1. Of all residues in segment 46-94, which are more than 24 Å from residue 11 (Cβ to Cβ) and exposed (fewer than 11 other Cβ atoms within 10 Å of the Cβ)?
2. Within segment 122-137, is there a residue that is over 24 Å from the mean Cα position of the chain (by Cα), surrounded by fewer than 10 Cβ atoms within 10 Å (Cβ to Cβ), modelled with pLDDT under 65 and farther than 30 Å from residue 13 by Cβ?
3. Given the condition free of Cβ contacts under 8 Å to residues at least 40 places away in the same chain, touching a helix residue (DSSP H, G or I) at 6+ places or on another chain (Cβ under 9 Å) and more than 22 Å from residue 19 (Cα to Cα), answer yes or no: does some residue in segment 68-83 qualify?
4. Since residue 27 meets every condition but one in (1) surrounded by 10 or more Cβ atoms within 10 Å (Cβ to Cβ); (2) part of a loop (DSSP other than H, G, I, E, B), which condition does it not meet?
5. Read through the list (1) modelled with pLDDT of 95 or more; (2) touching a helix residue (DSSP H, G or I) at 6+ places or on another chain (Cβ under 8 Å), then give the number of the only condition that residue 62 fails.
């Protein structure tokens, strides 16, 4: 039987655990004990693997509530755990020559486009002449309805202003 992808192996836990922030329990009014981090990580992986909503995480699995796992995910994100884990795993994979760069893609969501970078020259137009606009016309549009007001004269204005 294949291992469940949301179960955290001892090898992975050995990499993740040192990156997690330690939360000391208060001496006075300590409140409820926190769910162990390893169980929360398994709950996070379960939700991300299955795609279920956080609040639908089954309590029977022993990962805590979906809201607990979501809060821990957010707490670890704020502490920079995911970025540090990503760098650590990339370093290990590069050292073992396990990354295949032949299928990699770089796009603007991962690589910054610097605002102060030199601008490229504007592409030359391949059109002989500019086409007439289809949205505006140089002539005045006629109204479809007859107006009951007299045409403007030299003493009247086109715009109505109230004094």
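1. Within segment 46-94, 51, 53, 55, 56, 59, 60, 74, 78 meet the criteria.
2. Yes, segment 122-137 has at least one match.
3. No, segment 68-83 has no match at all.
4. Going through the list (1) surrounded by 10 or more Cβ atoms within 10 Å (Cβ to Cβ); (2) part of a loop (DSSP other than H, G, I, E, B), residue 27 breaks only (1).
5. Only one criterion in (1) modelled with pLDDT of 95 or more; (2) touching a helix residue (DSSP H, G or I) at 6+ places or on another chain (Cβ under 8 Å) is unmet by residue 62, namely (1).
The values are calculated or read from the model by the stated rules, or taken from the named source; none is laboratory data. Because the structure is predicted, anything quoted here is derived from the model rather than measured. As a convention, Cβ positions derive from the backbone with ideal geometry for all residues, glycine included, and neighbour counts pool all protein chains shown.
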